[in-house]
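Bear in mind that the values in this text are calculations on the coordinates, not laboratory data. Being a predicted model, the structure only gives us computed values, none of them experimental. Every residue, glycine among them, receives a Cβ derived from its backbone with ideal geometry; neighbour counts consider all protein chains shown.
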Amino acid sequence: MNNNKYKVLVVEDEDNINNLVSTLLEANGYQVISAKSCASGQMLYFSHKPDLIILDLGLPDTDGTSLLKEVRKNSLTPIIVLSARTDETDKVGALDIGANDYVTKPFGSAELMARVRSALRVSRHSSGNFSDEKFESDGFIIDYDARRVFIDHSEIKLTQTEYNIIAFLSRHSGKVLTYSAIIKEIWGYSDLGSIKKLQVNMANIRKKFGAKPGKKNYIVNELGVGYRMCERNDQV
Ligand code: CA
């Protein structure tokens with residue numbers, strides 16, 4: 001057993017999905033522990049202290065969100081919510097109470113693995129390997145002290161608001177931030193009517209970043225939910 005392996009807790013009651021996810025993780029070098037109910041998931045979480053949790057919301061005993069809340073009381077362990085629900089409000093709800101990301105069933109294996117890598121990177125950032133002065137990823141640099149942004153050595157001129165949005169997203173790189181979370185951070189209130197304002201700023205940012213449809217970009221729009229900053233190789 002390799003001690004450098006990340007330990008992943010999979011909480012999913014459907015056998016075929018639980019097996020699929022577990023097999024996929026093991027094939028990619030992760031150590032897996034799995035549970036089929038919220039209660040056993042919670043027990044395994046406390047006894048095994050996993051590095052990441054993949055959590056189904058529709059569980060037979062209680063809703064997966066109760067485990068999410070329990071974990072968030074005292075831990076930043078990354079959590080990817082697995083949901084059959086296509087309803088945006090469920091995803092937004094899970095993200096707003098602390099999920100890092102969500103994957104909607106049915107999902108592709110490449111997509112799930114990319115989300116796993118990305119969520120584990122977030123947790124490495126928050127555990128100290130992350131500079132307070134600079135954000136750096138694949139030629140994308142944010143100098144927090146100077147409030148300047150560079151892509152492949154060229155400075156990208158942003159307005160104050162645009163910069164604040166980018167800085168906020170970068171501090172949570174890999175995590176999906178909901179519209180309301182971003183609006184609250186940037187403008188200080190949670191008025192969903194401001195989504196339009198956010199979208200306009202985001203469109204300008206993406207234009208300045210040279211974002212093109214179909215091309216890998218630094219900011220991904222999670223339709224109807226929010227935005228995520230990600231590293232180029234975490235995209236599928
Ligand atoms: Ca289920």
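A few comments on the model shown:
- Distance between the modelled labels on Trp187 and Asp61, one decimal in nanometres: 4.3 nm (7 Å Cα→Cβ projection).
- Springs join every pair of Cα atoms under 10 Å in this Gaussian network model of the chain, and among Gly58, Gly193, Gly98 the largest mean-square fluctuation is at Gly193.
- Treating r as the C-beta distance of Asp145 and Ala27 and R0 as 45 Å, the FRET efficiency rounds to 0.55.
- Residue-wise HN-Hα coupling along region 29-42, computed from phi with Karplus coefficients 6.51, -1.76, 1.60 (Hz; x: Gly, Pro): x, 8, 8, 10, 10, 9, 9, 10, 8, 5, 4, 6, x, 5
- Phi to ³J(HN,Hα) by Karplus 6.51 cos²θ - 1.76 cosθ + 1.60 over region 137-142, Hz, x for Gly, Pro: 7, 6, x, 9, 10, 10
- Qualifying lysines (Cα of each under 16 Å from Cα of Lys105; at least 8 residues distant if same chain): Lys91
- Approximate shape of the chain as ellipsoid semi-axes (Cα gyration tensor, √5λ), whole Å, largest first: 31, 20, 16
- Chain lengthening between Asn221 and Glu70 when straightened (0.36 nm per residue, less Cα-Cα): 51.5 nm
- Ser40-Thr86 FRET efficiency (beta carbon distance; Förster radius 22 Å; 0.05 resolution): 0.25
- Per-residue ellipticity at 222 nm from helix content only, as computed over the chain with -39500 (n - 2.57) for each DSSP H run of at least four residues, stands at -12000 deg cm²/dmol.
- Residues whose amide H lies under 5 Å from that of Val32, counting only those 5 or more places away or on a different chain, are Val8; hydrogens are built 1.01 Å from N in the peptide plane.
- Amide H contacts under 5 Å for Val103, placed H, 5+ residues apart: Val81, Leu82, Ser83
- Partner lysines for Lys197 [C-alpha distance under 18 Å; skip if fewer than 8 residues away on the same chain]: Lys184, Lys207, Lys208
- The spread of Cα positions in region 1-124, taken along each principal axis and listed from longest to shortest, comes to 39, 31, 27 Å.
- All lysines inside 18 Å of Lys49 as judged from Cα atoms, apart from same-chain residues fewer than 8 positions distant: Lys5, Lys7, Lys36, Lys69, Lys73
- With the charge dipole of the chain set up from +1 on Lys and Arg Cβ and -1 on Asp and Glu Cβ about the Cα centre, the Cα lying farthest toward the positive end among the listed residues Tyr163, Gly193, Leu24 is that of Tyr163.
- Of the beta bridges in the chain, as assigned by DSSP with both residues counted there, near 50 percent are antiparallel.
- Axis angle, to the nearest 10 degrees, between helix 15-27 and the longest C-alpha principal axis of the chain: 70 degrees.
- About its Cα centre, the dipole of the chain is roughly 680 debye, where the only charges are +1 on Lys and Arg Cβ and -1 on Asp and Glu Cβ.
- In this Cβ point-charge picture (+1 for Lys and Arg, -1 for Asp and Glu), region 27-104 has a dipole of about 260 debye about its Cα centre.
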